[in-house]
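S.K.: Got a structure here, written out as structure tokens. Questions coming.
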Amino acid sequence: GNSVTQMEGPVTLSEEAFLTINCTYTATGYPSLFWYVQYPGEGLQLLLKATKADDKGSNKGFEATYRKETTSFHLEKGSVQVSDSAVYFCALSDEAAGNKLTFGGGTRVLVKP
Amino acid sequence: DAMVIQNPRYQVTQFGKPVTLSCSQTLNHNVMYWYQQKSSQAPKLLFHYYDKDFNNEADTPDNFQSRRPNTSFCFLDIRSPGLGDAAMYLCATSRDRGLRREQYFGPGTRLTVT
């Protein structure tokens, strides 16, 4: 079956630090990959996505590249702000699984001023 | 703005007392999903509607049911809530079930069972 593995948090950073959240996956087919962000007390928001190998998704200073050879989709941001404090979920959808989302366990990020 | 709306944001119910959570969308999407999210965990899919076609996940308890009277609205009914059903319930929509389709989430309803 499909699965997504993320680095465990919490990740605590100072403002303007570099952020990396590792995400690797296993999938039966050729999945699309997503990063969702959940701010405290809120639902999930799509942050970025990539649908084929070597695609780079980007949004709000965040980037992730679809690496088929390493089955990875690591999230990066060069300079984090306090407002980036949230839980980040890596997810995939796979036609073999009816295109339902498979989520990783989430990584909590705390940015301190 | 087109969006996914969930009401109420916070719901308190008593053990065993039926409760209904509601979701509406202005996106005119064909698919509506219900997820359960317990603290610090990933969302767990309970079921989804593709138009009027209901799709239940194999491990969703019978205590959870859903209705979709029209394209815009979808309801989650918990017939006899237990303490273990306390969670955040998230509604999401997507245009269809295509591989590249992202899902759009509502803000969630936090359910407390006393």
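Read the figures in this text as sums done on the coordinates, not as results from a lab. Predicted model, so just to flag it, every value in this text is computed and none were measured. Backbone-built Cβ (ideal geometry, glycine too); neighbour counts: all protein chains shown.
S.K.: If I model a spin label at residue B:15 and residue B:112 as a point 7 Å from the Cα along the Cα→Cβ vector, what separation in nanometres do I get?
M.R.: 1.7
S.K.: Here's something else I'd like to know. Run the simple label-point estimate for residue A:112 and residue A:96 please: 7 Å along Cα→C-beta, distance reported in nm.
M.R.: 4.4
S.K.: Normalised by the empirical 2.2 N^0.38 Å for globular proteins, what value does the Cα Rg of chain B take?
M.R.: So the Cα radius of gyration is 1.00 times the expected 2.2 N^0.38 Å.
S.K.: Rounded to the nearest 0.05, what FRET efficiency do residue B:53 and residue A:12 have when you use their Cβ-Cβ distance and R0 = 35 Å?
M.R.: 0.20
S.K.: Which residues does the label zone of residue B:100 cover in the stretch A:12-34, counting backbone N under 13 Å from a point 7 Å along Cα→Cβ?
M.R.: Only A:32-33 pass the distance filter.
S.K.: Follow-up question, since we're still on this one. Distance cut-off 31 Å, Cα to Cα: go down the list A:77/B:52; B:17/B:44; A:68/B:52 and report the pairs above it.
M.R.: Among A:77/B:52; B:17/B:44; A:68/B:52, the Cα-Cα distance tops 31 Å for A:77/B:52; A:68/B:52.
S.K.: Work out the mean other chain Cβ neighbour count within 10 Å for the residues of B:42-54 and drop it here as an integer.
M.R.: Across the residues of B:42-54, the mean count of other-chain Cβ atoms within 10 Å is 2.
S.K.: Using unit Cβ charges (K, R positive; D, E negative) and no other charged atoms, how large, in debye to the nearest 20, is the dipole of the protein assembly as shown about its Cα centre?
M.R.: The dipole magnitude comes to about 340 debye.
S.K.: Mind listing the phi-derived Karplus ³J(HN,Hα) values for the stretch A:61-67, rounded to whole Hz, using 6.51, -1.76 and 1.60 with θ = phi - 60°, and x for any glycine or proline?
M.R.: Karplus values, whole Hz, x for Gly and Pro: x, 8, 9, 8, 10, 6, 10.
S.K.: Still on this structure: Over chain B, what relative contact order in percent results from Cα pairs under 8 Å that are six or more residues apart? Each step should come with its number before you reach the end.
M.R.: On the way: 273 pairs, mean separation 43.3, N = 114.
Computed value for chain B: 38 percent relative contact order.
S.K.: Any idea what % of Cα-Cα pairs in the stretch A:15-113 are farther than 21 Å?
M.R.: Distances greater than 21 Å cover 29 percent of the Cα pairs.
S.K.: When the expected Rg is taken as 2.2 N^0.38 Å, what fraction or multiple of it is the alpha-carbon Rg of the protein assembly as shown?
M.R.: Numbers: Rg = 17.6 Å, N = 227, 2.2 N^0.38 = 17.3 Å.
Taking the Cα Rg and dividing by 2.2 N^0.38 Å, one obtains 1.02.
S.K.: Taking 0.36 nm per residue of separation and subtracting the Cα-Cα distance, what length does fully extending residue A:39 through residue A:56 add?
M.R.: 3.8 nm
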